[in-house]
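Sharing a structure below in structure tokens format, with a few things to ask.
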Amino acid sequence: MTCTTRSGTTKVSSMLLVAGVLAGGLLTGAGPGAAADGPALRRAPVAPCTNTQLVAESAQRMGASQVGVTVINQGPKPCVLKGFPTVALAGQGSPDRNKPLNVVRQGQEKSVQLAAGDRASTQLSFTPVLGEAGGYCTSGAEPFVAPSIVVGVAGGRQQLAPDDGGDFALCGNSVRVTAFHAAGS
């Protein structure tokens, strides 16, 4: 199709030219593998984190009755971590021999996408033991002391000692826990 301008010269309509180039480009890339190469289809859903790809660092004291726990995705692929950990007190032996604590969830559950090497954190808060030496609980209960905790995350358990080398001391059998969130946020 051609158009004639006032000067009498003939031109190809630029609109038809652009439409033809676009149609030709779309048709040449429309082979059987073309759709799989599109950026929208490359974003496959990220799988949940597994206990084999997450490693916990030590339990970092954040005060007399608070501990921060950070997990690292050491797997080769990204994963999604969601929810709250379980917590138990343990001795120096096997993480299977522990005293589970009642977890009181603080805040809303979130999904955290972790690329390989990324970190997620949670905060644990215990009812503190008061006083010096033997200590006491305001409730009248006997204080409980343990050298390590067992944190349940992504279907596995990881035994951690406090980063300062001390013990965990608490009153009662519960712990307040925040949902996992991206470390540093």
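In whole Hz, with x marking every Gly and Pro, tabulate ³J(HN,Hα) for the range 50-59 from phi via Karplus 6.51 cos²θ - 1.76 cosθ + 1.60, θ = phi - 60°.
The phi angles translate into 10, 5, 6, 9, 9, 10, 8, 7, 5, 7 Hz.
Need the list of aspartates and glutamates near Lys77 for cross-linking: C-alpha distance under 19 angstrom, and skip anything on the same chain fewer than eight residues off.
Qualifying aspartates and glutamates at Cα under 19 Å: Asp118.
Skip the ligands, DNA and RNA, and give the accessible area per residue of the range 64-185 with a 1.4 Å probe, whole Å².
52 Å²
Another question, if that's okay. When Lys and Arg each count +1 and Asp and Glu each count -1, what net charge do the other residues less than 13 Å away from Pro143, Cβ to Cβ, add up to?
On the way: positive: none; negative: Glu132, Glu142, Asp167.
Combined, the nearby Lys, Arg, Asp and Glu give -3.
Okay, next question. Mind putting together the pair-distance distribution for the range 118-185? All Cα pairs, 10 Å bins, whole percent per bin, short to long.
17, 44, 28, 10, 0
The values are calculated or read from the model by the stated rules, or taken from the named source; none is laboratory data. Remember, predicted model here, so these are calculated numbers, not experimental data. Methodologically, a virtual Cβ is constructed for each residue, glycine included, from the backbone with ideal geometry; neighbour enumeration extends over all protein chains shown. Keep in mind that these areas ignore ligands, DNA and RNA; they rest on the heavy atoms of the full protein, side chains included. Shrake-Rupley method; radii C 1.70, N 1.55, O 1.52, S 1.80 Å.
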